[in-house]
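The values are calculated or read from the model by the stated rules, or taken from the named source; none is laboratory data. If you're wondering where the values come from, they're calculated on a predicted model, not measured in any experiment. Ideal geometry is used to build each Cβ from the backbone, glycine not excepted, and the neighbour counts take in all protein chains shown. Surface areas here come from the heavy atoms of the whole protein model, side chains and all, with no ligands, DNA or RNA. Shrake-Rupley method; radii C 1.70, N 1.55, O 1.52, S 1.80 Å.
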Amino acid sequence: MVQIVGALLIRDGALLMGLRAKHKDMLPNCWDVVGGHVEAGETPQESLVREVAEEIDVVVTGCRFLDVVVYDLPGRPGLQQHLFQVDAWRGEPRIANEEHAELRWFDWRDLQSVPDDAFVAYRPLLKALLCG
C-alpha cells in the first residue's frame, strides 16, 4: 500500500482544492485536496504538516484525523489516504511549488460541478463536512 495524506482546509463553509499541474504523473489537471506521499520515518500527521507547508506555504497549527480511504487510480493501485481536517493554520494559502496550477475555495454546491476523478473515494466525507 502506498501511504498518502490529504488536508481538508475548510473556511467559511468552503474547502480549499488545488488544480494539479499538467506535468504531474498522478492525476494531472484534476482538482484535489492538498497533500502527498508519506515519506519514510514520518507519521501521516507529520507528512500532512510538511506537505501543506511545501505546497501552499501554510503552517498547520491544528488538525484532526478523519478517516483512511483505500482506493486505486489508473496506474496507481493500493493507495491508502489518511484524511485530516485542518482546523487552524497560519498564513494565507498560496501556490508555493510546482504541484498545483491553481488554488480555489469550493462550497458543496460548487464542488458538484468539479469532476471527482481525484476525490471520488472520499466525496461522501466531503459532503458531510461541508453540508453538516
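Using the crude model of +1 on Lys and Arg Cβ and -1 on Asp and Glu Cβ, and no other charge, please compute the dipole size for segment 81-132 relative to its Cα centre, in debye to 20. All intermediate terms of the calculation are to be shown ahead of the outcome.
Working: 6 positive and 9 negative charges, 43 e Å.
So the magnitude is around 200 debye.
The gain in end-to-end length when the Val68 to Ala40 segment is fully stretched comes to 8.2 nm, 0.36 nm per residue minus the alpha carbon separation.
Accessible surface calculations at 1.4 Å, restricted to protein heavy atoms, place the chain at 50 Å² per residue.
Other residues within the sphere of radius under 10 Å centred on the Cβ of Val5, judged by their own Cβ, net out at -2 (K and R +1, D and E -1).
Given Gly36, Leu15, Val49, which one lies farthest toward the positive end of the charge dipole of segment 1-50, if we put +1 on the Cβ of every Lys and Arg and -1 on the Cβ of every Asp and Glu? So the residue we want is Leu15. Taking trypsin sites (Lys or Arg not before Pro) across segment 1-58, the ones in a DSSP loop with at most 11 further Cβ atoms lying within 10 angstrom of their Cβ are Lys22.
In the chain, a dipole from Cβ-located charges (positive for Lys and Arg, negative for Asp and Glu) runs towards its positive end, and of Val86, Gln112, Tyr71 it is Gln112 whose Cα lies farthest in that direction. Most simply put, the chain has about 75% antiparallel DSSP beta bridges, counting only bridges with both residues inside it. Given a 1.4 angstrom probe, I'd like the percentage of the accessible area of the chain that is carbon and sulfur, rounded to a whole number. Of the solvent-accessible surface of the chain, carbon and sulfur hold 50 percent.
Magnitude of the Cβ-charge dipole of the chain, K/R +1 and D/E -1, about the Cα centre, nearest 20 debye?
Working: 13 positive and 21 negative charges, 60 e Å.
The dipole of the chain has a size of about 280 debye.
Can you tally the net charge around Asp57? Count Lys and Arg as +1, Asp and Glu as -1, for every other residue whose Cβ sits under 13 Å from the Cβ of Asp57. Within the 13 Å Cβ shell, the charges total -2.
Quick one: compute the contact order of the chain, relative version, from alpha carbon pairs under 8 angstrom and 6+ residues apart, as a percent.
The normalised contact order for the chain reaches 32 percent.
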